[in-house]
Amino acid sequence: MSSDTLAKVPAAPRVPERADALTIVPQRRPGQWTAAVVVLVLLGLAVNSVLRNQAFQWNVVADYFTSDSVLRGLWLTLWLTAVVMVLGFALGTLLAAFRLSANPVLKAVSWGYVWLFRSIPVLVQLLLWFNIGALYPQILGVKTVNLLSPVAVAVVGLTLHEAAYAAEVVRGGMLSVDRGQIEAAQALGLSRLRRLRRIVLPQAMRSIVPPAGNMLIGTLKGTSIVSVIAVNDLLFSAQLIYHRTYQVIPLLMVATLWYTVVTSVLGVGQYYVEKHYARGTESAR
Amino acid sequence: MSVMVDIRSVHKSFGSLDVLKGIDLEVRTGEVTVVLGPSGSGKSTLLRTINHLEKVDHGAISVDGALIGYRRSGDKLYELPEREVLKQRTRIGFVFQNFHLFPHLTVLENVIEAPVAALKRPRNEAVDSARRLLERVGLADKADTYPRQLSGGQQQRVAIARALALEPKLLLFDEPTSALDPELVGEVLDVIRDLAGQGTTMIVVTHEIAFAREIADTVVFMADGRIVEQGPPGEVLDAPREDRTRAFLSKVL
Ligand SMILES: Nc1ncnc2c1ncn2[C@@H]1O[C@H](COP(=O)(O)OP(=O)(O)OP(=O)(O)O)[C@@H](O)[C@H]1O
Ligand SMILES: [Mg+2]
């Protein structure tokens with residue numbers, strides 16, 4: 001290349017011989033700073049107004065926060081959430097296995113179940129189970145009303161609803177497992193159950209856990225719907241108190257704070273569960 | 001010498017695509033058969049029918065005298081229940097092109113999984129023999145690492161150890177080095193060569209012609225769902241009778 005073609009190219013800034021003598025000045029970002037300050041000020045104003053607003057009655061909140069009836073309600077909310085989650089995912093896993101099986105009847109049943117229970121609002125479902133006595137006054141000679149207490153209705157209704165969503169989450173997770181994994185397990189002579197339990201599900205867990213964590217938190221708060229059938233959960237206990245004392249806002253705050261606390265704890269738990277199922281996935285070196 | 005694998009007029013199609021159009025092949029005990037052929041000629045499908053990962057449409061395969069996947073009664077073949085097929089598979093080791101190690105299990109757990117779960121071996125016995133196998137493939141120090149922390153060549157050697165853990169009578173290799181960087185091919189071929197030297201009956205699908213020449217007792221050339229030519233490597237590789245074999249070899253050599 002001749003020197004006069006080079007001359008037409010705009011001169012690039014030359015790199016000095018001693019590049020290690022230069023200091024790097026990071027780009028200034030005044031916009032970021034302004035945005036941060038504005039947001040912080042707004043946040044401060046909001047917190048200030050909440051704390052200063054006498055109507056929140058934080059002293060009443062403190063009084064009831066650990067009262068017996070609130071704690072009893074909290075306990076019911078916690079175990080109801082746990083039971084619904086466990087039963088819902090057990091049934092959901094079964095439904096997912098049906099859906100992925102080769103049997104057309106099982107496939108159709110699973111599909112139909114998910115379609116039905118995702119279509120019915122959970123509130124409607126609870127009310128239907130609550131009034132099941134109108135359809136079947138007796139089951140096997142026992143009065144339905146005695147068989148299905150409000151708590152049992154809550155467990156059944158919420159579980160059936162949960163299972164429909166869990167089935168989709170588990171199915172998605174199972175589909176995310178490489179087909180070659182199943183073939184390798186088949187080639188090694190592992191039984192169907194062993195393949196599912198030992199090879200497919202543990203790997204599926206990586207994509208199941210994040211949405212399941214979401215569902216768990218959703219279920220925790222979703223159980224508050226059972227207050228409509230007079231089940232004594234966290235929200236209903238708070239309501240019982242404020243119906244008596246008219247301290248509506250502070251008692252709703254008690255419930256809100258508890259939901260927030262439990263949700264935070266669950267979030268931390270999810271972090272560790274995700275870490276557990278991510279084992280073996282960090283790449284080499 | 002006795003016959004380990006006996007393949008008789010095997011046909012297989014996927015929908016309207018005929019992939020195997022009548023395969024006849026015998027593999028004698030202790031011998032190494034290398035299968036060559038262009039992409040899509042049906043090599044993988046043939047290997048997969050031998051351990052019944054793929055069902056045949058017609059014909060029969062027996063390994064060590066036992067019909068694979070079926071029970072014969074008169075002139076009918078009755079499909080075996082899965083339990084029986086799984087038992088047959090434990091006598092046949094399969095090594096995949098992409099290893100298919102279980103990523104959530106350590107190397108050791110990968111190797112003992114089948115002996116413990118499928119053969120009901122006591123765990124400590126399985127661990128002992130797994131360690132011996134890992135030593136044999138040169139990975140004794142990797143027992144407690146996860147597969148993804150290993151190089152491709154190391155992973156494939158673990159996969160071979162995992163297949164050997166069932167003490168199979170027959171080993172099937174489907175392009176065991178095709179997914180590897182060139183500098184890692186040698187270490188895997190070394191392990192296979194070692195097994196061949198010890199008289200393991202093997203069928204190896206590969207594109208490594210030099211390796212085929214070295215270890216094969218029989219070379220089989222497949223094209224378009226048929227076996228075009230077979231014989232000792234000196235004949236098939238150095239003096240092929242068929243034009244298609246010659247054309248293929250001139251491309252890969
Ligand atoms: N499960 C399947 N469904 C449909 N077609 C398939 C299936 N498996 C294989 N095939 C087709 O069968 C033909 C033979 O495939 P096969 O994998 O046996 O070839 P191959 O000789 O192993 O080729 P390669 O060297 O690329 O591995 C190909 O055309 C392939 O697309
Ligand atoms: Mg192939």
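The values are calculated or read from the model by the stated rules, or taken from the named source; none is laboratory data. Keep in mind that this is a model prediction, so the values were computed, not measured. All Cβ positions, glycine included, derive from the backbone under ideal geometry; neighbour counts span all protein chains shown.
Would you check if there is a residue in region B:91-114 being farther than 23 Å from residue A:179 by Cβ, touching a helix residue (DSSP H, G or I) at 6+ places or on another chain (Cβ under 7 Å) and either within 16 Å of ligand 2 (Cβ to nearest atom) or modelled with pLDDT of 95 or more (or both)?
Yes, region B:91-114 contains at least one residue that is farther than 23 Å from residue A:179 by Cβ, touching a helix residue (DSSP H, G or I) at 6+ places or on another chain (Cβ under 7 Å) and either within 16 Å of ligand 2 (Cβ to nearest atom) or modelled with pLDDT of 95 or more (or both).
Condition first: over 26 Å from residue B:220 (Cα atoms) and either of a type outside the set (D, E, K, R) or within 14 Å of another protein chain (Cβ to nearest Cβ) (or both). Can you find one or more residues in region B:86-94 that meet it?
Scanning region B:86-94 turns up at least one residue that is over 26 Å from residue B:220 (Cα atoms) and either of a type outside the set (D, E, K, R) or within 14 Å of another protein chain (Cβ to nearest Cβ) (or both).
Counting only residues that are away from chain A (no Cβ under 14 Å) and part of a loop (DSSP other than H, G, I, E, B), which one in region B:57-68 is nearest to ligand 1 (Cβ to nearest atom)?
B:57
Has region B:125-136 got at least one residue that is surrounded by fewer than 19 Cβ atoms within 10 Å (Cβ to Cβ) and within 16 Å of ligand 2 (Cβ to nearest atom)?
Checking region B:125-136: not a single residue is surrounded by fewer than 19 Cβ atoms within 10 Å (Cβ to Cβ) and within 16 Å of ligand 2 (Cβ to nearest atom).
Exactly one of these conditions fails for residue B:58: (1) free of Cβ contacts under 8 Å to residues at least 24 places away in the same chain; (2) farther than 27 Å from residue A:185 by Cβ. Give me its number.
(1)
Could you please find all residues in region B:34-56 being within 10 Å of ligand 1 (Cβ to nearest atom), within 13 Å of chain A (Cβ to nearest Cβ) and basic (Lys, Arg)?
If the condition is that a residue be within 10 Å of ligand 1 (Cβ to nearest atom), within 13 Å of chain A (Cβ to nearest Cβ) and basic (Lys, Arg), then B:48 is the only one that fits.
Test of understanding: among A:237, A:207, A:191, A:264, which residue is among the polar types (S, T, N, Q), under 23 Å from the mean Cα position of the chain (by Cα) and either crowded, with 17+ Cβ neighbours inside 10 Å or within 10 Å of chain B (Cβ to nearest Cβ) (or both)?
None of the others qualify; the one that does is A:207.
Please note which helices (runs of 4 or more DSSP H) are completely contained in region B:139-253 and include at least 3 residues that are touching a Leu at 6+ places or on another chain (Cβ under 9 Å) and away from ligand 2 (no atom under 16 Å from the Cβ).
Result: B:152-164, B:182-197, B:209-215.
Which of the residues spanning region B:23-42 are among the polar types (S, T, N, Q), part of a strand (DSSP E or B) and either more than 14 Å from the chain's Cα centre (by Cα) or over 11 Å from residue B:7 (Cβ atoms) (or both)?
The answer is none; no residue qualifies.
In region B:170-187, what residues are modelled with pLDDT of 95 or more and more than 16 Å from ligand 1 (Cβ to nearest atom)?
B:170, B:171
Tell me, please, whether a residue that is more than 14 Å from chain B (Cβ to nearest Cβ), more than 22 Å from residue A:117 (Cα to Cα) and of a type outside the set (Lys, Arg) can be found in region A:147-164.
Yes, region A:147-164 contains a residue that is more than 14 Å from chain B (Cβ to nearest Cβ), more than 22 Å from residue A:117 (Cα to Cα) and of a type outside the set (Lys, Arg).
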